[in-house]
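The values are calculated or read from the model by the stated rules, or taken from the named source; none is laboratory data. Owing to the predicted nature of the structure, the values given are computational and were not obtained by experimental measurement. Methodologically, a virtual Cβ is constructed for each residue, glycine included, from the backbone with ideal geometry; neighbour enumeration extends over all protein chains shown. These area figures cover heavy atoms from the full protein model, side chains too; ligands, DNA and RNA do not enter into them. Shrake-Rupley method; radii C 1.70, N 1.55, O 1.52, S 1.80 Å.
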Amino acid sequence: MGCDRWVMLVIPIIYALSNVSGELKRFEQPSKGDGSLSFLVIGDWGRRGAFNQSQVAFQMGKMGEKLDIDFVVSTGDNFYDNGLRSVHDPAFEESFTNIYTANSLQKQLYSVLGNHDYRGDAEAQLSPLLTKIDTRWLCLRSFIVNAELAEIIFVDTTPFVKSYFQDPEDHIYDWRGINPCKHYIANLLKCALRESNAKWKIVVGHHAIKSVGHHGDTKEPATHLLPILKANNVDFYMNGHDHCLEHISDTESPIQFLTSGAGSKAWRGDVKQLNREGLKFFYDGQGFMSVQLTQSNAEIAFYDVDGKILHRWNAFKQFGDHSSI
């Protein structure tokens, strides 16, 4: 398969949720009165409360209240094992509405799709009908959240991955709405990153670019996305897919790779390359991540199922500077 053909096949993310000019849909998210921003990040979660999902949700509620969070980010794989069957699937309320019930979590949830979501009715999760059931829900393929202090770019990474097309095993993927967009990379660079003047630039996708967990690095995002992130001074790439919590610092740029895919079922002992250069933290149990941002500081923290802080990391910025540890 030629290069152009492959780009057209597996990098179509911008098309379905962009307008005719190629710009990603943008949502405005106000920051706090003092200009700061805080949010939680959860991934790989929807199991009707099983595998400690309910316990993680409880601790998220406590931390959400403590940090006075502005919203929640989901890194995908929202409903197991095979996404939603339709917009009427009771799993939506059983795995989302009825689980994340704390007052502090009654905030907007911004989500991308994961590979398990594509094994069901992927377009159901994108439907505004779900927002009528639970107004917190906002899931699109790719979009931008302008949070004043930060710009968060959500990227649908599942169509990147070659194996889902060439070797789907026994799975059936819902590729409706995935149309070829030959100039995806250039459009993403032009419309989503290069034009951003935000103090903090964050990209969220389901698949890991760098990970020491079960799946490890995902080749296609590492090949097609990472150069764009580096060229445009992205601070954080946040993902799920591996059912763990981890923090890896890029060895060639200031980018921090942050995995929060431990919202329910975790993979104990499934780890590789613990001596990997740049690895700051790895945990193979359930939990979630918090992000606190100001003009000059970012604090990232990871929590286990009991709410214990497992790892905390800070980045600092001066006026006009990129982040530094």
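If you scan the stretch 246-272, which residues turn out to be in a loop (DSSP other than H, G, I, E, B), more than 16 Å from Gln53 (Cα to Cα) and open to solvent by less than 50 Å² (accessible area, probe 1.4 Å)?
Our first condition is that a residue be in a loop (DSSP other than H, G, I, E, B); within the stretch 246-272, this holds for 250-255, 261-272.
Among the residues that remain, those that are also more than 16 Å from Gln53 (Cα to Cα) are: 250-255, 269-272.
Across the stretch 246-272, the qualifying residues are Asp250, Ser253, Ile255.
Does Glu220 qualify as being in contact with a Phe, Trp or Tyr (Cβ under 6 Å, 6 or more places away or on another chain), open to solvent by less than 60 Å² (accessible area, probe 1.4 Å) and either hydroxyl-bearing (Ser, Thr, Tyr) or under 27 Å from Ala147 (Cα atoms) (or both)?
On the way: in contact with a Phe, Trp or Tyr (Cβ under 6 Å, 6 or more places away or on another chain): yes; open to solvent by less than 60 Å² (accessible area, probe 1.4 Å): yes; either hydroxyl-bearing (Ser, Thr, Tyr) or under 27 Å from Ala147 (Cα atoms) (or both): no.
Here the answer is no, as Glu220 does not meet what is asked.
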Q. Taking the stretch 274-290 only, how many residues are in a loop (DSSP other than H, G, I, E, B) and farther than 28 Å from Tyr80 by Cα?
A. 5
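Among the residues of the stretch 172-195, which ones are of a type outside the set (Val, Ile, Thr) and modelled with pLDDT of 85 or more? Give the derivation first.
Initially, the stretch 172-195 is screened for residues of a type outside the set (Val, Ile, Thr), giving 173-177, 179-184, 186-195.
Matches in the stretch 172-195: Tyr173, Asp174, Trp175, Arg176.
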Q. Counting only residues that are surrounded by 24 or more Cβ atoms within 10 Å (Cβ to Cβ), modelled with pLDDT of 95 or more, of a type outside the set (Gly, Ala, Ser) and under 14 Å from the mean Cα position of the chain (by Cα), how many does the stretch 111-153 have?
A. 4
Q) Which of the residues spanning the stretch 20-64 are touching a helix residue (DSSP H, G or I) at 6+ places or on another chain (Cβ under 9 Å), over 15 Å from Asn78 (Cβ atoms), open to solvent by 10 Å² or more (accessible area, probe 1.4 Å) and of a type outside the set (Gly, Ala, Ser)? A) Glu23, Leu24, Lys62, Met63
Q) Among (1) more than 18 Å from the chain's Cα centre (by Cα); (2) open to solvent by 10 Å² or more (accessible area, probe 1.4 Å), which single condition is Leu84 missing? A) (2)
Q. Of all the strands (runs of 3 or more DSSP E) wholly in the stretch 37-151, which have at least 1 residues that are among the charged types (D, E, K, R)?
A. none
